[in-house]
Amino acid sequence: MTEVSIQENSSASGQTDPHSIFETDWRIYRTLVDYNLFCHREIASILSKEITDRFPDGFKFLDLACGDAEVISRALRPLNVHRYHGVDLSPQALDLAWKNLVAAPFDARLEEKDIRRVLLENPQEFDVVWCGLCLHHFASWDEKAEVLTAIYRALNPGGMLLTFEPVLPDGVTLDAFNRNNRQYFRQQWSPPLSGADFMRMMDHIETCDFPETKTGWQRAGLEAGFQSAETLFAMPSKGYCQLFRFVR
């Protein structure tokens, strides 16, 4: 049985009455996961194979913006995990992550802390960094480049970053991308995601998401120092999100 420790950072929590907001957003997130609308099952399978192939003797794993860690913890259970380290700014999500990790067959640590701070505090500490649907929340190219560089430095030589991010098609503006996706997702995802939940999800995407092109994501990784940058998977049809592998 794992020992799960949670370390809190008091400066990370400044929300006012976050519980109702969290419950609404988490219900939407769980719908996306439970109906596999963002291909979480395929991503978990690919992630398991990539890690097994590269680190058969074991690895240290960093989960950035880990949320409830449910999908990733299930994917990691059959593998030779030396240590799991999950980071998120949501104390409610970390409470759920603790429940999902407490029976895992490896030691785990959870921290309520900004991901950039964790990366800077752990140079050459990890073999695998997983960052699912997180990097596109950094608005500017410079911020994304800063985080990718910090991830590079937190990895051991030969380590890899796996990240799943929305991809802006070449020659398409962000506004047009969002308009097209709103129409497409409404057709594809209603039901199970409909009404107020659908509108809230789209409001989040159109307000908080700043995707790069496929070439842009790969270039950002190479400029951060990674030796290779490859796409392993794209969501069917429009390829809205793609899974990238960056090797140090």
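The values are calculated or read from the model by the stated rules, or taken from the named source; none is laboratory data. Note that this is a predicted model, so its numbers are computed, not measured. All Cβ positions, glycine included, derive from the backbone under ideal geometry; neighbour counts span all protein chains shown. Only protein heavy atoms, including side chains, enter the accessible area calculation; ligands, DNA and RNA are left aside. Shrake-Rupley method; radii C 1.70, N 1.55, O 1.52, S 1.80 Å.
A few comments on the model shown:
- Largest first, the residues THR213, THR207 sort by 1.4 Å accessible area into THR207, THR213.
- Of all DSSP beta bridges in the chain, antiparallel share, percent nearest 5: 30 percent
- Under the criterion of Cα pairs below 8 Å and six or more residues apart, the relative contact order for the chain equals 21 percent.
- For GLU125, neighbours were defined as the other residues whose beta-carbon sits under 11 Å from its Cβ, and their charges (Lys and Arg +1, Asp and Glu -1) total +1.
- Spatially close lysines, pair count over the chain: Cα under 30 Å, gap of eight or more or interchain: 16
- For percent of Cα pairs over 34 Å apart, computed directly from the structure shown, the correct entry in (i) 12; (ii) 29; (iii) 21 is (i).
- Surface composition of region 105-204: carbon plus sulfur atoms hold 49% of the accessible area, using a 1.4 angstrom probe and ignoring ligands, DNA and RNA.
- Estimated from helices alone, the mean residue ellipticity of the chain at 222 nm is -14000 deg cm²/dmol (sum of -39500 (n - 2.57) over DSSP H runs with n ≥ 4, per residue).
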